[in-house]
Amino acid sequence: MTFTSIPVIDVTALIVGADERDAVVDELGRAAREVGFAQIIGHGIDRTLIDELKGAAERFFAESDDTKMSVYIGNSTNHRGYVPAGEEVFAGATPDHKEAYDLSIDLPADDPDYLAGNPLLGPNQWPTLDNFAGPVTAYYDAIFGLGRVILRAFAETLGEPADLFDRFVTTPPAQLRMIHYPHDPSADDRPGIGAHTDYEVFTLLLPTAPGLQVVNAEGTWIDVPYRDDAFVLNIGDLLEIWTNGTFTATSHRVRKVAEERYSFPLFFNVDYDTWVEPLDRFVGEDGPRYDGVRAGEHLFAQTAQSFVYLRRRLADGEIALPDNARPLYSLGREAQRSAPAV
Ligand SMILES: O=C(O)CCC(=O)C(=O)O
Ligand SMILES: [Fe+2]
């Protein structure tokens, strides 16, 4: 099955619990099976939250390198903070032309998982910048709430009870990344972000400009048209595994930007220890196409292979990959076969 455009789905009925709910669930299911991507409108997220998040990002990235590096992600043991240009390198590719600030569910400093050395859980590393943590947290809570609604719709479209996955969502390592793609007309033609799949359940992305592209089964890169009223929804590795490949974690990339761009992906995830393997209803006579993974270990294994500071910790023996760590980009298979990562 191939596609040449990205479906736009109005999810108002899911938010307000209207009669058309079943039709929206079906549309989401079709998009997840056939495309792996959709644009979500009618999501009900307040415009003010979005504007204040963008404002916080603009003010943070305008700070000096020294100030931003005071919250360098490599200072943390739980992968929170500033990601300078060149820190994240996708396999074999040139470094992306971007910088980021990474946060996730903000647990207290005495959180037992954090104290026990969990590599993804614990507190955020907030910058000392006025009016930053407040708006960012407000956005995080709102977009995470939308994620819970979408998760239920996915469970339903899989023919399962709507609350199938809810019990796995208590304190998940669900990252929000604030990404800044500077515009440098004189720079080499480098991608903003190299081709990849996302490592979690699904992603809800807020961009500020065009640039995102997804690959179809024929290997053609399709532009995701920019809309300022939509979130881009895409399937991540864990839903591909759970559905034994019925849903596809479609590869995507950001081409060299034509203007300064920000984007804010919320990677909706399940709890660190959640065991994810193909659900029985998707496993035919040939057996499962995927080995199971632990959600947090999968995310950490992928992250540790692509961030320079974690690759150094791996090389120094300070940390280790989980035994069953998958190599980078082993999912979203059909797409990868016809359009290898650049
Ligand atoms: O900036 C974008 O539009 C996409 C970002 C992305 O794919 C990611 O961070 O995983
Ligand atoms: Fe992505």
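The values are calculated or read from the model by the stated rules, or taken from the named source; none is laboratory data. It should be emphasised that the depicted structure is a prediction, and the values quoted were computed from it without experimental measurement. A quick note on method: Cβ atoms are made from the backbone with ideal geometry, for glycine too, and the neighbour counts reach across all protein chains shown. When the accessible area is computed, the model is the full protein with side chains, heavy atoms only, and any ligands, DNA or RNA have been set aside. Shrake-Rupley method; radii C 1.70, N 1.55, O 1.52, S 1.80 Å.
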Item to complete: Rank-order 132-140, 28-36 by packing density, defined as the average count of other C-beta atoms within 10 Å over each peptide's residues, highest first.
Response: 28-36, 132-140
Fill in: Accessible-area value, Thr250, 1.4 Å probe, nucleic acids and ligands omitted, Å²
10 Å²
Worksheet item: Using alpha-carbon positions, what is the distance between the centroids of segment 268-321 and segment 154-177, in Å?
Response: 17 Å
Worksheet entry | For the chain: accessible area per residue (Å², 1.4 Å) | 41 Å²
Discussion item. Ordering Phe144, Phe37 by accessible area with a probe of 1.4 Å, largest first, what comes out?
Written reply: Phe144, Phe37
Worksheet item: So what does log10 I(q)/I(0) come out to for segment 1-157 at q = 0.11, 0.12, 0.14, 0.21 Å⁻¹, using the Debye formula with one equal point on every Cα and no solvent?
Response: -0.63, -0.74, -0.95, -1.22
Item to complete: Enter the accessible area of Asp113 (Å², nearest 10), with the probe set to 1.4 Å and all protein chains included.
Response: 70 Å²
Response to the item:
Taking only Cα atoms of segment 82-207, the Rg to Rh ratio with Kirkwood Rh works out at 1.01
Worksheet entry | Mean-position separation - Cα centroids, segment 18-66 and segment 113-128, in angstrom | 26 Å
Worksheet entry | Carbon + sulfur, % of accessible area of the chain - ligands and nucleic acids excluded, 1.4 Å | 48 percent
Worksheet item: Can you give the accessible area of Val215, probe radius 1.4 Å, in Å² rounded to 10?
Response: 0 Å²
Discussion item. At a threshold of 8 angstrom on Cα-Cα distance, excluding pairs fewer than six apart, so keeping six or more, what relative contact order does the chain reach in percent?
Written reply: 19 percent
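How large is the helix-only mean residue ellipticity at 222 nm for the chain, computed as the sum of -39500 (n - 2.57) over DSSP H runs with n ≥ 4, divided by its residue count, in deg cm²/dmol to the nearest 500?
-8500 deg cm²/dmol
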Discussion item. Would you report the distance distribution of C-alpha pairs in segment 8-338 as whole percents per 10 angstrom bin, up to the bin with the largest distance?
Written reply: 6, 26, 37, 25, 6, 0
